[in-house]
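Participant: Below you will find the structure I want to go over with you.
The values are calculated or read from the model by the stated rules, or taken from the named source; none is laboratory data. None of the values given here were measured: they were computed from a predicted structure. Positions of Cβ are generated from backbone atoms using ideal geometry, with glycine treated the same way; all protein chains shown enter the neighbour counts. Accessible surface is based on the protein model in full, side chains and every heavy atom, while ligands, DNA and RNA are left aside. Shrake-Rupley method; radii C 1.70, N 1.55, O 1.52, S 1.80 Å.
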Amino acid sequence: MAAHLSPEERLRRGRFVRLHLIAALLTLLVLIAANAITSSRYPWWLWVLTAWVPLFAAHTAWARGLFDRKET
């Protein structure tokens, strides 16, 4: 974990990641329900999940400060 982030910044970034996760899960729940109603034989919501996972991983890495430049 990056030690150069202030505790307030860590909390703020963590809050954004949690909101991102909640939005993703709620969206996926709606899409899974829509998929079950319309075409349950083909799970097209998996394409959304596949696209969202790298975005979420990058957002988590940003929140942990992995993309920040270290000040010398």
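Participant: In the range 1-20, what residues are among the basic types (Lys, Arg) and open to solvent by 50 Å² or more (accessible area, probe 1.4 Å)? Quick ask: steps written out before the conclusion?
Facilitator: Going residue by residue through the range 1-20, those that are among the basic types (Lys, Arg) are 10, 12-13, 15, 18.
10, 12, 15, 18 - these are the residues of the range 1-20 that are among the basic types (Lys, Arg) and open to solvent by 50 Å² or more (accessible area, probe 1.4 Å).
Participant: A further question follows. Hey, among the residues in the range 21-72 that are assigned to a helix (DSSP H, G or I) and under 18 Å from residue 5 (Cβ atoms), which one's most open to solvent (accessible area, probe 1.4 Å)?
Facilitator: First pass over the range 21-72, keeping only residues assigned to a helix (DSSP H, G or I): 21-38, 45-63.
Within this subset, residues satisfying the condition of being under 18 Å from residue 5 (Cβ atoms) are 58-63.
Numbers: 58: 44, 59: 44, 60: 47, 61: 17, 62: 73, 63: 15 Å².
Among residues in the range 21-72 that are assigned to a helix (DSSP H, G or I) and under 18 Å from residue 5 (Cβ atoms), the one most open to solvent (accessible area, probe 1.4 Å) is 62.
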